[in-house]
Amino acid sequence: MKAKPGIETIQPYQGGKPIEEVQRELGLTDIIKLASNENPLGPSSLALEAGLEAVAQVNLYPDGNAYYLKQALAEHVGVASENLILGNGSNEVLQIVGETYISPHDEVIYSESAFVVYMLVAKVCGAKSIVTPMRRYTHDLEAMADAITDKTRLIFIANPNNPTGTMVTKEQTKRFMEQVPEDVLVIFDEAYYEYVGRLDYPQTLPYVEEGRNVIITRTFSKIYGLAGMRIGYGIAKPELIETMNRVRQPFNCNSVAQAAARAALKDVEHVHRSQRLNASGKVYLYESLDQMGLGYVESEGNFILVHFDQSGQEIADALMQKGVIVRPVAGYGFPNSIRVTIGKPEENERFVNTLKEVMSEA
């Protein structure tokens, strides 16, 4: 049976290689994974305890409305529970947005070298992708505003962006939003926002409070260390949330993830430790890359895009042969680059030392 138009052109999403797969393929046992922007500290102990307790009742369906998690999130974010939708990771929220609001032949705007899921959502929904160029590895909001037509339905903005780690500023966002028509839906994908320390990072919640057609997506996968539990959320005005809930699959967030996420919100110190670890690791990696004469993009996330004079895939393959998994990013338009997650000090040191070995052998 033939798939609907556009599906055959989609390449399945390829995440960072799991440790187990590298063990099977190469027979290695001492492996570190710095490929998927996971929190190297793991989850909060409070989240682990809550998740383990919830496991005892997995014979029961979860609360499909995630009432208690929504209450906790509402207090944490500073919105009403009616402003929230939960997803099986923030990826699912992005998919729900597309399925709810994009029709065939609508136009969807996103930047080149932005998160690949935006392209996937547009293609699955039969929309036309309008891809704007980046400026200095960053979303060019002026170009995105200029690309708006009467067919534009939705605009995706990753802030910070993956894989470049760059962000658009408060002033840039303000000017952009002044140009966006009221009937165009703007998605601010803020999966890494807890890592940002800059004062000029835009606060997007006021757009929701003003009743604008804005959806903010965030996740428990990154700084909260719950990537394997797959839970994320969207923030928007109640009318948008209510409509998306008509499309959302029932019981899409499992009970263990809901319990762990609620507990994770309470562990503020775990978040602070994760931020401090990331900041110090970033400094170490910048200094090491500078010493090696390698170019890179300064990042607001928990990862760094590193440039080479040769194939990034070859570098990634050589590192993997020595038990260090990083992410080649040719699919994002950077054939001579890799993306490396900022890990624990010993993981960062191993990456640097192994990279030196690989480059000396090239």
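The values are calculated or read from the model by the stated rules, or taken from the named source; none is laboratory data. What you see is a predicted model, and the numbers here were worked out from it, not measured in a lab. Glycine also receives a Cβ, built like all others from the backbone with ideal geometry; neighbour counts cover every protein chain displayed.
Of note:
- Of all residues in the stretch 109-127, exactly one satisfies the criterion of being surrounded by fewer than 17 Cβ atoms within 10 Å (Cβ to Cβ) and either among the acidic types (Asp, Glu) or modelled with pLDDT of 95 or more (or both), namely 112.
- Filter pass, residue 190 being surrounded by fewer than 22 Cβ atoms within 10 Å (Cβ to Cβ) and either farther than 29 Å from residue 340 by Cβ or assigned by TED's automatic domain parsing to the domain that holds residue 80 (or both): no
- Hey, residue 123 assigned by TED's automatic domain parsing to the domain that holds residue 204, in contact (Cβ under 8 Å) with a residue 24 or more places away in the chain and among the basic types (Lys, Arg) or not: yes
- Residues in the stretch 238-257 include at least one that is under 20 Å from the mean Cα position of the chain (by Cα), surrounded by 14 or more Cβ atoms within 10 Å (Cβ to Cβ) and part of a helix (DSSP H, G or I).
- Close pairs from the stretch 16-33: first free of Cβ contacts under 8 Å to residues at least 40 places away in the same chain and in the same structural domain as residue 347 (by TED's automatic domain parsing), partner among the β-branched types (Val, Ile, Thr) and surrounded by fewer than 11 Cβ atoms within 10 Å (Cβ to Cβ), Cβ under 9 Å, at least 6 apart: 23/29
- Cβ-Cβ under 8 Å pairs, at least 6 apart or on other chains, the stretch 181-192 side closer than 14 Å to residue 150 by Cβ, far side surrounded by fewer than 21 Cβ atoms within 10 Å (Cβ to Cβ) and of a type in the set (D, E, K, R): 182/212; 184/153
- Helices (runs of 4 or more DSSP H) within the stretch 33-112 that include 2 or more residues over 17 Å from the mean Cα position of the chain (by Cα) and more than 30 Å from residue 150 (Cβ to Cβ): 45-55, 67-77
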